[in-house]
Amino acid sequence: MFMFYDREKELALLRTFVESEPNTIFFIYGPINSGKTTLLMEFSRRLSEDFVPFYINLRWHAISSPSDFLNILFSIHRGKKDVVKAIVEDLPGIIHGIPVPKALLREVIGNHENAFSYIIETLKKIRKSGKIPILILDELQKVEDLKINGPLLYELFNLLVGLTKELHLAHVFTITSDSLFIEKVYSEAMLHGRAEFFLVDDFDEDTAREFLEELGFKGEEIELVIRHFGGKPSYLTLASLHKDNLEEWCRGELDTRENWIKFKLNDLKRENGIIYREVIRILKSFMDSEFIKIEDVSPGIRWLVKQNILFLDPKKGILRPQGRLELLAIRRIVG
Ligand SMILES: Nc1ncnc2c1ncn2[C@@H]1O[C@H](COP(=O)(O)OP(=O)(O)OP(=O)(O)O)[C@@H](O)[C@H]1O
C-alpha cells in the first residue's frame, strides 16, 4: 500500500497560500520525481470542505493542438443537477477536469475564448456559493509550443492572471519538472509580480533515513540506498521491492544511468563537437561540488537539462544533477 511520507513543511506552506485571497499563480517546480504531483494530490485530499480542487493532468496525453488541450481541460457532467450545485452540494473531492453539461460541451470546447469564459463563469458561481476553487495544472509545459493566433501559453497565462491577481476567484498551482520551461517562465515579464515559484525538492538525507526506517530498512541498507539515490522519493519507494537483492539493484540502477548518459554523450560528440566539449567541461565541475552557480543558460547547459541529466533552479541560479544517481554517474564518466 502507498505510504505518503512527511512534507509537513510544504503542506503547511501550501495551506498558508490558500488561506489568503487568491492573488498569484504558484509555479511548483523541482527535479525529476521529487514528489511534486504526490504532494499536490495529498494537499488536495487534506483540504477542508471550504475548498474545491480541480486537477488537470496534461501528463498522459498527446497534446498537439489547442483543441487537444481544451478536451483535456474539461470533463462531461452527466448528473441531473446543475454543475455548480452538484459540486457545492455533493463535495466530490478532487475533480478531474472542469465539468461541462454534455449539451454545452461542443460550444465550450469550440474555441479557447468560449472555454475560458465558461471557466471564469463556473468559478465565479462556486466562489459565490462560499467555496474557494483551486486549479491545479500538471505538466503545463506540454502546451508550450501550441499556437492559436499567437502562443496558447500566453492566452492561458492571461486567464490565470485574471483568475488570481485580477478577479481573485481561484488559487492556481501549476506543476512542472521541465526546468528549461520554468527558467523561461521565471524571466517572463508579463508574470512579474503575478507569480511565485515554489521548489519541491528531494527529501533531505535525515528525512530519507526516517522514511527508509518506516519502510522497514535497517542501518547498512539505509546507508546503501541513500549513497545511491539520496532523498529521491521515487527510488526510496522502489527500494522496498528490492529488499532481497538491494546491493545488486542499486549497482544495476547506477550502471544503467551511467550507460545511458554515455550513450547520449557519444551521440552529441558525433553531432556537435563544440557543445560536447562544453558539456564535458560543465560535467567536470561536479567532480568536487554538488552544484554550480550560473548566470545564463549556455547551449551546453540547455542540452544537459533537456536530457534530464542536470536540473536548473532559476530562482537560486544554480545547476545540479537531477539526483544523487546522476551525480555518481557523472563522476564515474568524467572522473
Ligand atoms: N511524500 C511522499 N511519500 C512517499 N512517496 C512519495 C512521496 N512523494 C513522492 N513519492 C514517490 O515518488 C514517486 C514520484 O513522485 P511524483 O510523481 O509525485 O514526482 P513528480 O515530481 O511529480 O515527478 P515528475 O518529475 O515526473 O513530474 C511517487 O510515485 C511515489 O512513489
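The values are calculated or read from the model by the stated rules, or taken from the named source; none is laboratory data. Fair warning: this is a prediction, and the values are worked out from it, not measured in the lab. Virtual Cβ from ideal backbone geometry, glycine too; neighbours counted across all protein chains shown.
Yes/no matrix, rows are residues, columns are (1) aliphatic (A, V, I, L, M); (2) surrounded by 16 or more Cβ atoms within 10 Å (Cβ to Cβ); (3) part of a loop (DSSP other than H, G, I, E, B):
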| residue | (1), (2), (3) |
| --- | --- |
| Phe69 | no, yes, no |
| Ile76 | yes, no, no |
| Leu153 | yes, yes, no |
| Phe157 | no, yes, no |
| Thr164 | no, yes, no |
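Sort through Ile120, Ile94, Ile87, Ile98 and tell me the only one that's out of contact with any Pro (no Cβ under 7 Å at 6 or more places or on another chain) and closer than 18 Å to Leu58 by Cβ. Break it down into steps so the answer makes sense when it comes.
Numbers: Ile120 fails: closer than 18 Å to Leu58 by Cβ; Ile94 fails: out of contact with any Pro (no Cβ under 7 Å at 6 or more places or on another chain); Ile87 fails: closer than 18 Å to Leu58 by Cβ.
Of the residues listed, the single one that is out of contact with any Pro (no Cβ under 7 Å at 6 or more places or on another chain) and closer than 18 Å to Leu58 by Cβ is Ile98.
Loosely packed, with under 12 Cβ neighbours inside 10 Å and modelled with pLDDT of 95 or more, is that true of Asn308? Don't jump to the end; show me each part of the working.
On the way: loosely packed, with under 12 Cβ neighbours inside 10 Å: no; modelled with pLDDT of 95 or more: yes.
Considered against the rule, which asks whether it is loosely packed, with under 12 Cβ neighbours inside 10 Å and modelled with pLDDT of 95 or more, Asn308 comes out as no.
Which residues, counting only those in the range 1-16, are within 12 Å of the ligand (Cβ to nearest atom) and of a type in the set (D, E, K, R)? I'd like the intermediate steps shown before the answer.
Here is the first cut: in the range 1-16, the ones within 12 Å of the ligand (Cβ to nearest atom) are 1-11.
If the condition is that a residue be within 12 Å of the ligand (Cβ to nearest atom) and of a type in the set (D, E, K, R), then Asp6, Arg7, Glu8, Lys9, Glu10 are the ones that fit.
Being acidic (Asp, Glu) and more than 24 Å from the chain's Cα centre (by Cα) is the filter; apply it to the range 248-262 and report the residue that is surrounded by the fewest Cβ atoms within 10 Å (Cβ to Cβ).
In the first step, residues of the range 248-262 are kept if they are acidic (Asp, Glu); the result is 248, 253, 255, 258.
Still in the running and more than 24 Å from the chain's Cα centre (by Cα): 248, 255, 258.
Details: Glu248: 10, Asp255: 12, Glu258: 18.
For the range 248-262, the residue satisfying everything is Glu248.
Select from the range 24-67 the residues that are in a helix (DSSP H, G or I) and among the aromatic types (Phe, Trp, Tyr) and list them in ascending order. Reasoning before the result, please.
Applying the first criterion (in a helix (DSSP H, G or I)) to the range 24-67 yields 36-46, 66-67.
Hit for the range 24-67 is Phe43, nothing else.
Consider Leu58 carefully, then state whether it is closer than 21 Å to Phe198 by Cα, near the ligand (Cβ under 7 Å from one of its atoms) and of a type outside the set (Val, Ile, Thr).
Working: closer than 21 Å to Phe198 by Cα: yes; near the ligand (Cβ under 7 Å from one of its atoms): no; of a type outside the set (Val, Ile, Thr): yes.
For Leu58, the condition - closer than 21 Å to Phe198 by Cα, near the ligand (Cβ under 7 Å from one of its atoms) and of a type outside the set (Val, Ile, Thr) - is not met.
Among Ile175, Ile134, Ile119, which is in contact (Cβ under 8 Å) with a residue 24 or more places away in the chain, in the same structural domain as Asp50 (by TED's automatic domain parsing), buried (at least 20 other Cβ atoms within 10 Å of the Cβ) and within 16 Å of the ligand (Cβ to nearest atom)?
Details: Ile134 fails: within 16 Å of the ligand (Cβ to nearest atom); Ile119 fails: within 16 Å of the ligand (Cβ to nearest atom).
Among Ile175, Ile134, Ile119, only Ile175 is in contact (Cβ under 8 Å) with a residue 24 or more places away in the chain, in the same structural domain as Asp50 (by TED's automatic domain parsing), buried (at least 20 other Cβ atoms within 10 Å of the Cβ) and within 16 Å of the ligand (Cβ to nearest atom).
Taking the residues in the range 39-49 that are within 11 Å of the ligand (Cβ to nearest atom) and farther than 13 Å from Leu137 by Cα as candidates, determine which candidate is surrounded by the fewest Cβ atoms within 10 Å (Cβ to Cβ).
Start the filter on the range 39-49 by keeping residues that are within 11 Å of the ligand (Cβ to nearest atom), which leaves 39-43.
If we keep only those that are farther than 13 Å from Leu137 by Cα too, we end up with 39, 42-43.
On the way: Leu39: 22, Glu42: 16, Phe43: 22.
Within the range 39-49, the match that is surrounded by the fewest Cβ atoms within 10 Å (Cβ to Cβ) is Glu42.
May I ask you to list the residues in the range 109-129 that are modelled with pLDDT under 95 and touching a strand residue (DSSP E or B) at 6+ places or on another chain (Cβ under 8 Å)?
If the condition is that a residue be modelled with pLDDT under 95 and touching a strand residue (DSSP E or B) at 6+ places or on another chain (Cβ under 8 Å), then Ile109 is the only one that fits.
With the condition kept exactly as written, say whether any residue in the range 88-108 is in a helix (DSSP H, G or I) and either within 16 Å of the ligand (Cβ to nearest atom) or not assigned by TED's automatic domain parsing to the domain that holds Leu191 (or both).
The first filter runs over the range 88-108 and keeps only residues in a helix (DSSP H, G or I), leaving 88-90, 102-108.
If we keep only those that are either within 16 Å of the ligand (Cβ to nearest atom) or not assigned by TED's automatic domain parsing to the domain that holds Leu191 (or both) too, we end up with none.
Checked against the condition, which is being in a helix (DSSP H, G or I) and either within 16 Å of the ligand (Cβ to nearest atom) or not assigned by TED's automatic domain parsing to the domain that holds Leu191 (or both), the range 88-108 yields no hits at all.
Show the residue pairs that are 6+ apart or on different chains and have beta-carbon atoms under 8 Å apart, the first residue being within the range 24-42 and in the same structural domain as Ser179 (by TED's automatic domain parsing) and under 17 Å from Thr164 (Cβ atoms), the second being assigned to a helix (DSSP H, G or I) and within 7 Å of the ligand (Cβ to nearest atom).
Once the first residue is in the same structural domain as Ser179 (by TED's automatic domain parsing) and under 17 Å from Thr164 (Cβ atoms) and sits in the range 24-42, its partners that are assigned to a helix (DSSP H, G or I) and within 7 Å of the ligand (Cβ to nearest atom) give Ile28/Lys36; Ile28/Leu39.
Filter the range 194-247 down to residues that are surrounded by fewer than 12 Cβ atoms within 10 Å (Cβ to Cβ) and either without any contact (Cβ under 8 Å) to a residue 12 or more places away in the chain or touching a strand residue (DSSP E or B) at 6+ places or on another chain (Cβ under 9 Å) (or both), then give me how many there are.
Total satisfying the criteria: 7.
Of the residues that sit in the range 21-38 and are within 23 Å of Phe157 (Cβ to Cβ) and not β-branched (Val, Ile, Thr), which one is nearest to the ligand (Cβ to nearest atom)? Can you show your working first?
Pass one, the range 21-38, residues within 23 Å of Phe157 (Cβ to Cβ): 21-30, 36-37.
With not β-branched (Val, Ile, Thr) added as a condition, the list becomes 21-23, 26-27, 29-30, 36.
Working: Glu21: 27, Pro22: 23, Asn23: 25, Phe26: 15, Phe27: 13, Tyr29: 9, Gly30: 6, Lys36: 4 Å.
For the range 21-38, the residue satisfying everything is Lys36.
Within the range 137-172, take every residue that is within 16 Å of the ligand (Cβ to nearest atom) and in contact (Cβ under 8 Å) with a residue 60 or more places away in the chain and give me the one that is farthest from the chain's Cα centre (by Cα). I'd like the intermediate steps shown before the answer.
Residues of the range 137-172 that are within 16 Å of the ligand (Cβ to nearest atom), as a first pass: 137-144.
Retained after the next criterion (residues that are in contact (Cβ under 8 Å) with a residue 60 or more places away in the chain): 137-140, 142-143.
Working: Leu137: 9, Asp138: 6, Glu139: 6, Leu140: 8, Lys142: 11, Val143: 14 Å.
Per the criteria, the residue is Val143.
What pairs can you find where one residue is in the range 304-318 and farther than 15 Å from Ser34 by Cβ, the other is outside any helix (DSSP H, G or I) and among the hydroxyl-bearing types (Ser, Thr, Tyr), and their Cβ atoms are less than 8 Å apart, with a gap of 6+ or different chains?
Taking only residues 6 or more apart or on different chains, the pairs are Pro314/Ser187.
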